[in-house]
1. Quick one: Tyr86 ticks every box in (1) part of a helix (DSSP H, G or I); (2) hydroxyl-bearing (Ser, Thr, Tyr); (3) closer than 29 Å to Ile222 by Cα bar one, so which box is it?
2. How many of the residues in region 238-271 are in a loop (DSSP other than H, G, I, E, B) and either more than 21 Å from Leu47 (Cα to Cα) or not assigned by TED's automatic domain parsing to the domain that holds Phe160 (or both)?
3. Please state which one of Ala221, Ala193 is assigned by TED's automatic domain parsing to the domain that holds Lys152, aliphatic (A, V, I, L, M), touching a Leu at 6+ places or on another chain (Cβ under 7 Å) and assigned to a helix (DSSP H, G or I).
Amino acid sequence: MTTENARERLLPSTPKRIAHRSSRNRVSSVLKHAGLIAGALVMMYPLLWLVVSSFKPNDQIFRDLSIFTTHLTIENYIHGWNNLQYPFGVFLLNSTMIAVGSIIGNLVSCSLAAYAFGRLKFRGRNLLFAIMLATIMLPFQVVLVPQFTIFKELGWLNTFLPLIVPKFLATDAFFVFLMVQFIRALPGELFEAARIDGAGHFRTYFQITLPLMTPALATTAIFTFIWSWSDFLSPLLYLRVPALFTASVALKGFLDSQSSSDFGSMFAMSVVSLVPLFVVFLFGQRYLIKGFATTGMK
């Protein structure tokens, strides 16, 4: 605290001093909000350019990088939806099926594993929990070849099984850890009362734990949807039949290294593919905030 600030605290507040302080706070607030708005515009510019470019003719997309233009057309959306071997709706449906299957798998398996780590006492629990957390640091590329070999031997290539079945085996350690933190934060008296009333572990899990885990379950569902919908590498590896392509894989069909690429259609279908992500995040952001707040994660 400076001498001037100390003197201001000792002097009695006068209407003039109060007005000066209020004006200074108002100016500071305006400058902070202006800086935040400017930063948001800089970060949003690529997205705005993508949306505007999806309405531009192909010959105008890279000629004018401004987001203000008078050459607007919806031909890119019409052409992009029907230009590939199948309508783009087929690829959106494939992505939806994989995302829904992944969400169900993670909610079931990760919640069961989290309940076991959070409430059950068994030999080697801490060691197994540490090993599970260590897998978070394991790069995906390390297990890529072994997983591909296993799924190939099982005959699962060109099916959605390699993308959905692992989710039912609690392979996403991050979500298990998220739910474990939530379960450990629940009052122990609830589980003690359930045990006294004769409730077993499955009844306690279904009737007490799951209803109280809504924020953590919602957070898991939202992140699973975003990650599975946006995944490009895994569908590219396991899906070779165009009818099974996801939206992210189908977008590369607009690019051609031998001839001209249809960037207008690709941008248009990229915007269409982003709409579900925005909708899910828009309606689920309050669950994300609540889920991280109640699990103590920062």
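The values are calculated or read from the model by the stated rules, or taken from the named source; none is laboratory data. It should be emphasised that the depicted structure is a prediction, and the values quoted were computed from it without experimental measurement. A quick note on method: Cβ atoms are made from the backbone with ideal geometry, for glycine too, and the neighbour counts reach across all protein chains shown.
1. If we test Tyr86 against (1) part of a helix (DSSP H, G or I); (2) hydroxyl-bearing (Ser, Thr, Tyr); (3) closer than 29 Å to Ile222 by Cα, just (1) comes out false.
2. Final tally of qualifying residues: 10.
3. Result: Ala221 is the single residue among Ala221, Ala193 that is assigned by TED's automatic domain parsing to the domain that holds Lys152, aliphatic (A, V, I, L, M), touching a Leu at 6+ places or on another chain (Cβ under 7 Å) and assigned to a helix (DSSP H, G or I).
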